[in-house]
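Presented below is the structure to which this report refers.
The values are calculated or read from the model by the stated rules, or taken from the named source; none is laboratory data. Remember, it's a predicted structure, so these values are computed and weren't measured experimentally. When we count neighbours, we look across all protein chains shown, and the Cβ atoms used for this are built from the backbone with ideal geometry, even at glycine.
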Amino acid sequence: MLELISEQPIKKTRKSHRCHGCLEIIPIGSPALASTNVDDRIYTLYFCQSCADWLKTECAECRECFKDYNNGMFEGDIETCRRERAKAAEDVKRVMAGGEIWASTLV
């Protein structure tokens, strides 16, 4: 089971990292969040500022991916969640405007 050891904000990264939340590259000198965890081993995941903010606000309330993945988050989950929420918001707007939603649910 995944256990969080520490979360450390980084003001400026010394090297580039890949964001665990959206899979984008975090450039040298960028702010980030380093999350040190232990599962079978100790490792650090890095999150860009946008994903770190999402973790603190949206993920803190939702925790949907943690339920689905046995208390863990896979690479790219934050970006997937953003896309799914944006699509759901568009569907709601379409329904409120009287448009059809059935075609988008078939995809």
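Checking 30, 35 one by one, the residue that is outside any strand (DSSP E or B), within 20 Å of residue 79 (Cα to Cα) and either more than 12 Å from the chain's Cα centre (by Cα) or hydroxyl-bearing (Ser, Thr, Tyr) (or both) is 30 and no other.
Taken together, the residues in the stretch 56-89 that are at pLDDT 85 or above and not in a helix (DSSP H, G or I) amount to 2.
Look at the stretch 35-61: where a residue is crowded, with 18+ Cβ neighbours inside 10 Å and a partner is among the aliphatic types (A, V, I, L, M) and not in a strand (DSSP E or B), sitting 6+ places away or on another chain with Cβ atoms under 6 Å, you get 51/78; 54/78. Residues in the stretch 1-55 that are at pLDDT below 95, of a type in the set (D, E, K, R) and out of contact with any strand residue (DSSP E or B) (no Cβ under 6 Å at 6 or more places or on another chain): 39, 40, 41, 53.
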